[in-house]
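Q: The structure follows.
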Amino acid sequence: MSAALQTRNLCKKFGGFSAARDVTLTIEQGARHALIGPNGAGKTTLVNLLTGFLEPTSGEVFLKGENVTRLAQHQRVKRGLARTFQINSLFADMTVLESMTLAVCERLGFGWHWWRPVGDHAAAVDEAATLLASLRLADVANEKTRNLAYGKQRLIEIALALAAGPQVLLLDEPAAGVPTSESRELFETIARLPREVTIVLIEHDMDLVFRFADRISVLVNGALLTENTPQEIARDKRVKEVYLGEALDG
Amino acid sequence: MAIIPSPVDLAPLRRAPAWRTAEYICWLLPVAAYFLFPTSLSLLSQMAITGLFALSLDLILGYAGIVSLGHVAFFGVGAYAAGLLAKYGYGDPLLGLAIAGTVAAAVGYLSSFLVLRGSDLTRLMVTLGVAMMLFEAANKLTEFTGGVDGLQGVDMKPVLGLFRFDLYGKTAYWYSVAVLFVFFWLARRIVHSPFGLSLRGIKQNVIRMPAIGAPVHARLAAVYTLGAAYAGVAGALLTQTTQFVSLDVLSFPRSAAVMLMLVLGGTGSLYGALIGTLVFMTAHHFLSNLNPQYWQFWLGAVLVLVVLFARDGIMGIAQTVIKRVRGKA
Ligand SMILES: Nc1ncnc2c1ncn2[C@@H]1O[C@H](COP(=O)(O)OP(=O)(O)O)[C@@H](O)[C@H]1O
Ligand SMILES: [Mg+2]
């Protein structure tokens, strides 16, 4: 069986600066794969290359064995690849239910329906409502997104990605900026996602990473430093140095 | 399996497309105007036609966020298409509208590839440039368009084979209002559909849309084409009700004016386009008779104030007031 997601010699240059250097990575089907590395290591850039938000300077991306390097973002989403954004990227002036229905409509292929009202597309509305209820967002469903507390908005960031019905989900620092008490709840939500969904998680809190991941890749200066099980990564001296070095710099 | 009632209140979403009382009242105004101002029917027809034109701009600017300074191109294409059809023997008004709308849509679809690739500034310049080229083409192709003298000999048949265009402009008025209403109603359906929701999505967050699987470029091309078709129909209406096409249908001031009307009324609410047109043209009618300089001055002042302090125009102000009143009650 082919891997959920694979890259081959992926490079990305911004002018003369290399943000991704020859990244060859395999994410297995159903994995809980963490991507760690200091700030500016190129984690978000890698997500952007995987999803097609950025075009690679060279190299290839494979989704379930299919070469998707030339496919646009929305075409990769249709093939089961969804992501969240490190900085909230929501529909501020829509109600939560509207934005979820929008996302579900796109997945169900209703996006071109121009005659019947949104509310008459029961399949989409019901699924959006069910998803909101499962994320305990039912009570804010009819609030404008911009009026919600930051923690709730962070949850909607994930909900929108889930509405795309992903088989592979890329979470870019999902708890960034969320207070600890709320971030625990957020990670419980993530942990409850079905096993068959492959998850790639970018996260700085090592406790969370070690508890969550069955595989960890370490990215430094745009290049893969190493990839291994959490136990091995915890023992790896080079990884410690990278993080220690950053702590000293900071 | 038992059906569990959804804990999410779906009523607001389901209720959204329902017609409100204020809307019914709003559409009684053209009927009232007919009886109140029987001598101003030509001005009132112009308002309906310009309202449809503003609506067409609202579709692309207000709903999809595409800025255009050359929207008049499609208005003009529709106007000339309808004029030429009627001149060469195909004077049926509805046939004229259909063909003019289709031709304008085709021009819109083709130009969408130029317009959609760039940033806002590029879009402003490309739309402006396309409109200027069409203006100059119409100016030079005097054999077809009559150039500066305008297109003569536009001979219209009765609407539906029943209603002749009369000297008092009664038929022209009801015809314009009816066409405006039908296209407004259609636009209203479209904006409440999943397609319309996706346009709002693109306007609010164009970065997120591809990440939820939406083909942004194709959606924008579609709404740009739709807006062009609407503008073409508005242009055709002007031709048919005045039985004449002047070069002015492709002029820059008309592009600018429709943009001003829309901003004044409020973008992205459909009714804003109509209210903006009504207020603008009424003010223009009274003020420019008094003193043309005054008109320009106050128009300028009002626009600066609207853009700085009331971004959503008259509709935005009205909604704020309604909310306040409801909040206090
Ligand atoms: N669009 C861009 N243009 C230029 N430089 C960029 C761009 N995006 C990211 N970078 C640079 O690439 C490096 C990696 O950034 P990023 O992928 O955001 O890191 P991380 O997510 O690991 O913190 C940083 O040095 C950043 O400044
Ligand atoms: Mg990052």
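The values are calculated or read from the model by the stated rules, or taken from the named source; none is laboratory data. Quick caveat, the model's predicted, so the values are computed rather than measured. All Cβ positions, even for glycine, are placed from backbone atoms using ideal geometry, and neighbour counts span all protein chains on display. Heads up: the accessible areas ignore ligands, DNA and RNA and are worked out on the full protein's heavy atoms, side chains in. Shrake-Rupley method; radii C 1.70, N 1.55, O 1.52, S 1.80 Å.
Q: If only one of B:Thr21, B:Thr50, B:Thr39, B:Thr122 is away from chain A (no Cβ under 14 Å), of a type in the set (S, T, N, Q) and under 18 Å from the mean Cα position of the chain (by Cα), which one is it?
A: Unique residue meeting the criteria: B:Thr50.
Q: At least 1 residues that are within 14 Å of chain A (Cβ to nearest Cβ) in each: list the helices (runs of 4 or more DSSP H) lying fully within segment B:186-298 that qualify.
A: B:194-204, B:208-211, B:216-242
Q: Scan segment A:104-118 residue by residue and report those that are open to solvent by less than 90 Å² (accessible area, probe 1.4 Å), free of Cβ contacts under 8 Å to residues at least 40 places away in the same chain and not small (Gly, Ala, Ser).
A: Correct list: A:Cys105, A:Leu108, A:Phe110, A:His113, A:Pro117, A:Val118.
Q: Looking at B:Phe74, B:Phe37, B:Phe113, can you tell me which residue is in contact with a Ser or Thr (Cβ under 9 Å, 6 or more places away or on another chain) and aromatic (Phe, Trp, Tyr)?
A: On the way: B:Phe37 fails: in contact with a Ser or Thr (Cβ under 9 Å, 6 or more places away or on another chain); B:Phe113 fails: in contact with a Ser or Thr (Cβ under 9 Å, 6 or more places away or on another chain).
Unique residue meeting the criteria: B:Phe74.
A quick yes/no check of all residues on (1) buried (at least 23 other Cβ atoms within 10 Å of the Cβ); (2) under 26 Å from A:Val200 (Cα atoms); (3) in contact with a helix residue (DSSP H, G or I) (Cβ under 9 Å, 6 or more places away or on another chain); (4) more than 9 Å from chain B (Cβ to nearest Cβ):
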position: A:Leu81; (1), (2), (3), (4): yes, yes, yes, yes
position: A:Gln86; (1), (2), (3), (4): no, yes, yes, yes
position: A:Ser89; (1), (2), (3), (4): no, yes, yes, no
position: A:Leu102; (1), (2), (3), (4): yes, yes, yes, no
position: A:Ala133; (1), (2), (3), (4): no, yes, no, no
position: A:Ile158; (1), (2), (3), (4): no, yes, yes, yes
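Q: While we're on this one: Select from segment A:201-221 the residues that are within 16 Å of ligand 1 (Cβ to nearest atom) and open to solvent by 10 Å² or more (accessible area, probe 1.4 Å) and list them in ascending order. Steps first, answer last, please.
A: Kept after step one, since they are within 16 Å of ligand 1 (Cβ to nearest atom), are these residues of segment A:201-221: A:201-206, A:209, A:216-221.
Within segment A:201-221, A:Glu203, A:His204, A:Asp205, A:Met206, A:Val220, A:Asn221 meet the criteria.
Q: Follow-up question, since we're still on this one. Residue by residue through segment A:16-52, note down the ones that are within 14 Å of chain B (Cβ to nearest Cβ) and near ligand 1 (Cβ under 9 Å from one of its atoms).
A: Scanning segment A:16-52 gives A:Thr44, A:Val47, A:Asn48.
Q: So, one more: From the list A:Ala128, A:Ala191, A:Ala159, exactly one residue is more than 16 Å from ligand 1 (Cβ to nearest atom), under 23 Å from B:Pro215 (Cβ atoms) and within 15 Å of the chain's Cα centre (by Cα). Which is it?
A: Selected residue: A:Ala159, the only one of A:Ala128, A:Ala191, A:Ala159 that is more than 16 Å from ligand 1 (Cβ to nearest atom), under 23 Å from B:Pro215 (Cβ atoms) and within 15 Å of the chain's Cα centre (by Cα).
Q: Go over the candidates A:Leu63, A:Leu97 one by one and state the one that is touching a residue at least 60 places away in the same chain (Cβ under 8 Å) and away from ligand 2 (no atom under 16 Å from the Cβ). Step through it out loud before you land on a result.
A: Details: A:Leu97 fails: touching a residue at least 60 places away in the same chain (Cβ under 8 Å).
Of A:Leu63, A:Leu97, the one residue that is touching a residue at least 60 places away in the same chain (Cβ under 8 Å) and away from ligand 2 (no atom under 16 Å from the Cβ) is A:Leu63.
Q: Might you let me know whether segment A:53-72 holds any residue that is facing chain B (nearest Cβ under 9 Å), farther than 30 Å from A:Glu143 by Cβ and assigned to a loop (DSSP other than H, G, I, E, B)?
A: Checked segment A:53-72: at least one residue is facing chain B (nearest Cβ under 9 Å), farther than 30 Å from A:Glu143 by Cβ and assigned to a loop (DSSP other than H, G, I, E, B).
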